[in-house]
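Notes for the one structure printed next.
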Amino acid sequence: MSNPAAPKLSRKDFVSDQDVRWCPGCGDYAILAQVQKVLPELGVPRERFVFLSGIGCSSRFPYYMNTYGFHTIHGRAPAIASGLKASRPDLSVWIVTGDGDALSIGGNHLIHALRRNLDLNILLFNNRIYGLTKGQYSPTSELGKVTKSSPMGSVDHPFNPISVALGAEGTFVARSIDVEAKHLQDMIRRAYEHKGTAFVEIMQNCNIFNDGAFASLTDKDTKADTQLVIEHGKPLIFGKQRDKGIRLRGHSLEVVQLGAGATGDDVITYDETNPVLATLLSAMRPPQFPTPIGVFRAVSRPVYEEAMAQQVQQARLKQGPGDLDELFSRGDCWVVN
């Protein structure tokens, strides 16, 4: 899709003339900035990008991108994006959604987009709260979460977005954090480069209704011990002193202290094509484990729109170009008087 002859673009080319209307301090600003920084590097004409969204704070995103865009209906952006990509495979199609939009109202649409594997990019902003409607608990809110709609604490077990995407056999599944600028840029770039549906969960702070939800992952004093950056072909090591690792014992993972009975040879070297490792890492929860960020899974599989185009071509070769009027009048017809 890249075009060497295309004029060189900058971040300013992707900034729209709309006033950005998120709450001051919202993590959405950081994500918007990183997307606008990465897109000019991809060598794609601006008119080939399309951003679609559902409903929620994050879904204002298309207004702020100087590209084509569509603020669609609640949870249905994957369905509309699928139709667009199937009919215009030359476009770079991006879906921006939130934890409520994607995993509650649009949960069904999300999992079917993932299994069909159209060449789409899905950015899921996870702030673990319904922010636009003033702070109700969402499908990713933790057990016991006290909100206006759960005054005694939520009794819902939360979704893990990475586990959902892996369960739907998404071919590219990744996670980043709104304030980790370089890492987030890398994940956006990798998502674009993947042929197939690329799913990126972005942990994002809502400083009004769920402030500090990911504070331990972003605080400079704690993040080295609470984040595990996973990279293909590299050992799973973390900690301020880089002295902790993740080891496989039987069918389970465990944290080991390097130098205290464990060495680097005991630590797992990550393989982003291994579905078992991805599933095990997605289930890691604090405080027993650090929170993994990076690419959990990246594998190749035929994309839906190409398979569909091949079927259409085969049908035309076999039956001719087709006639819509003939199709409507074919078979049993009735005349209503």
Quiz item: Can we say Y68 is open to solvent by 20 Å² or more (accessible area, probe 1.4 Å) and under 13 Å from S16 (Cβ atoms)?
Solution: yes
Quiz item: Can you pull out the residues in the stretch 142-193 that are in a loop (DSSP other than H, G, I, E, B), surrounded by 15 or more Cβ atoms within 10 Å (Cβ to Cβ), touching a Ser or Thr at 6+ places or on another chain (Cβ under 7 Å) and not aromatic (F, W, Y)?
Solution: K145, S154, P158, N160, G170, T171, V179
Practice problem: Considering only the stretch 102-141, state which residues are outside any loop (DSSP other than H, G, I, E, B) and either touching a His at 6+ places or on another chain (Cβ under 6 Å) or at positive phi (or both). | Solution: I105
Quiz prompt | Residue list for the stretch 222-241, restricted to those being among the charged types (D, E, K, R), open to solvent by 60 Å² or more (accessible area, probe 1.4 Å) and either in contact (Cβ under 8 Å) with a residue 60 or more places away in the chain or in a helix (DSSP H, G or I) (or both) | solution = K223, E231
Exercise. Taking only the stretch 272-306 into account, find how many residues are assigned to a loop (DSSP other than H, G, I, E, B) and either open to solvent by 20 Å² or more (accessible area, probe 1.4 Å) or more than 30 Å from A215 (Cα to Cα) (or both).
Key: 14
Quiz item: When the stretch 4-15 is examined, which residues are found to be open to solvent by 20 Å² or more (accessible area, probe 1.4 Å) and either in contact (Cβ under 8 Å) with a residue 24 or more places away in the chain or not in a loop (DSSP other than H, G, I, E, B) (or both)?
Solution: P4, A6, K8, L9, S10, R11, K12, D13, V15
Self-check item: R128 closer than 30 Å to S87 by Cα, open to solvent by 10 Å² or more (accessible area, probe 1.4 Å) and at pLDDT 95 or above
Solution: no
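The values are calculated or read from the model by the stated rules, or taken from the named source; none is laboratory data. For clarity, every value in this text was computed on a predicted model and none was experimentally measured. Cβ coordinates were reconstructed from backbone atoms using ideal geometry, including for glycine residues, and neighbour counts include every protein chain displayed. Areas reflect the complete protein model, heavy atoms only, side chains present, ligands, DNA and RNA absent. Shrake-Rupley method; radii C 1.70, N 1.55, O 1.52, S 1.80 Å.
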